[in-house]
Amino acid sequence: MYSIFDDAVRRARAYLDNLGQKPRARPAAAARDLRDLDDGVPAEASDPAVTLELLARLGTPGVSHIGVVALRWLVDLLELPTGTGAVFVHGATAANFTALAAARNSVLARVGWNVEENGVSGAPAITIITGHEAHPSLTTSLRMLGLGSARIVKVSSDDQGRMRPSGLPLISGPTILCVQAGNLNSGSFDDFGAIIPRTRALGAWIHVEGTFGLWAKASPLLRPLARGLEQADSWATDAREWLDVPYDSGLTFVRDPNTLQAATAVTGSESPVRGVELWAALRSLGRSGLAELFERNCRQARRFARDLRSAGHEILNEVVLNRVVVAVGDAARTRRLAAALQKEGIDWCEYTEWRGRIALKITVRSWALSDDDVERSVQAILRAAAAT
């Protein structure tokens, strides 16, 4: 059966065979297609073959425009403020790094320090506020930006890794507060409505680390988890984490596009050319397809939790998104189980340590995972657990 993959291979070979030839004049239809791209995110899913055909008609000149459209679609889809600046970067760490570079420059500019002219040596001290379970990429990014760990104030978190609003310190001077949309283990969200307005009013820059949780904004069912994060100043995510697009699909969003532009001049963020795959995914899935994907994976995560709990295993987190943390024994047994599952091709189960417990973390994030696949995976986990 002839598939879209065969069609893509045929088109790719034709493109390579014609390299070096004099480019033909762009047909008027392709110019109209470029104008039509400026419409919003499609409401419904569409045949991917149609998207592939459109890409072929647009050709190389349309690639950069496609990336710009994808960024504009994402600002709308994720319900970020109108006019928010956006840029493609290499991945989650680069996304946080770029956003925090913008944050550093902005909070220092407010007290009269120009980072581009003066650097960070001798600059006024910046206080960094994070939760106790901040994403590791935040710490890495802060160090690369010259903001050492001694400047980090860690706020206590609850049993799901959510920052406690009552634990926030007094804010004075240049301050960056990092909140979380999707705890790395539990998938939990900080209480943005209780945290962001009052800290931002006191002059802090609010950054949302949303490597995978930011996508909750694209689902009517999941959106309440992320309520209030649109009030922040910057956001970071990675499309690879849930949309199965290639690596190098990190995304940084900054409320003030001028601040983002200054930061990207330093961080070397990439051009929109890298956004073609993401644009194709957004166009093919549409709003309804994206919502269905995210909601189905979260429902499947709850099924994992239900079936594993029924089999006698302890579930350590409230399954609010697509993460399940399950206790299966001591560290040695958990490592053996994770290795056995990886060997069977179940590579979305991994060893983790969370809140002093050794556990297996299950991350459900694939459009291809069916409910039958979930049932087979549960049985594979139970068999492997019994054998280790």
Look at region 334-372 and say how many of its residues are surrounded by 14 or more Cβ atoms within 10 Å (Cβ to Cβ), among the charged types (D, E, K, R) and in a helix (DSSP H, G or I). 2
Report those strands (runs of 3 or more DSSP E) wholly inside region 108-201 carrying at least 1 residues which are closer than 30 Å to Val364 by Cβ and polar (S, T, N, Q). 127-131, 175-180
Does Arg104 satisfy being among the basic types (Lys, Arg), closer than 30 Å to Pro246 by Cα and either touching a residue at least 60 places away in the same chain (Cβ under 8 Å) or crowded, with 19+ Cβ neighbours inside 10 Å (or both)? yes
Can you tell me which residue in region 206-245 is surrounded by the most Cβ atoms within 10 Å (Cβ to Cβ), limited to those that are in contact with a strand residue (DSSP E or B) (Cβ under 6 Å, 6 or more places away or on another chain) and in a loop (DSSP other than H, G, I, E, B)? Gly210
Looking for something loosely packed, with under 11 Cβ neighbours inside 10 Å, at pLDDT 80 or above and either within 23 Å of Ala291 (Cα to Cα) or in the same structural domain as Thr252 (by TED's automatic domain parsing) (or both) - is there at least one such residue anywhere in region 5-13? no
Please list, ordered by first then second residue, the pairs with beta carbon atoms under 7 Å, 6 or more apart or interchain, first in region 130-153 and in contact (Cβ under 8 Å) with a residue 40 or more places away in the chain, second surrounded by fewer than 22 Cβ atoms within 10 Å (Cβ to Cβ) and part of a helix (DSSP H, G or I). Ser137/Thr93; Thr140/Thr93; Ser141/Thr93
Those residues of region 254-304 that are under 28 Å from Pro42 (Cβ atoms) and modelled with pLDDT under 85 come to a total of 6
Within region 324-333, of all residues that are of a type in the set (A, V, I, L, M, F, W, C) and farther than 22 Å from Gln300 by Cα, the one surrounded by the most Cβ atoms within 10 Å (Cβ to Cβ) is Ala331
Quick one: count up the residues across region 305-323 that are part of a helix (DSSP H, G or I), without any contact (Cβ under 8 Å) to a residue 24 or more places away in the chain and not basic (Lys, Arg). 2
Among the listed residues Gly62, Gly67, which satisfies the condition of being more than 30 Å from Arg357 (Cα to Cα), more than 20 Å from the chain's Cα centre (by Cα), modelled with pLDDT under 90 and assigned to a helix (DSSP H, G or I)? Gly62
Please specify each residue of region 309-334 satisfying the condition of being closer than 14 Å to Thr363 by Cβ and either over 25 Å from the mean Cα position of the chain (by Cα) or not basic (Lys, Arg) (or both). Asn317, Val319, Val320, Leu321, Asn322, Val324, Val325, Val326
Report, ordered by the first and then the second residue, all pairs with beta carbons closer than 6 Å, sequence separation of six or more or different chains, a first member in region 56-80 that is charged (D, E, K, R), and a second member that is buried (at least 22 other Cβ atoms within 10 Å of the Cβ). Glu79/Lys217
For Arg299, which of the numbered conditions (1) free of Cβ contacts under 8 Å to residues at least 60 places away in the same chain; (2) in a strand (DSSP E or B) fails to hold? (2)
Filtered residue count, region 70-95, keeping only those that are at pLDDT below 95 and in a loop (DSSP other than H, G, I, E, B): 2
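The values are calculated or read from the model by the stated rules, or taken from the named source; none is laboratory data. Since the model is a prediction, treat every value here as computed from it, not as a measurement. Because the Cβ atoms are built from the backbone with ideal geometry, glycine has one as well, and the counts that use them run over all protein chains shown.
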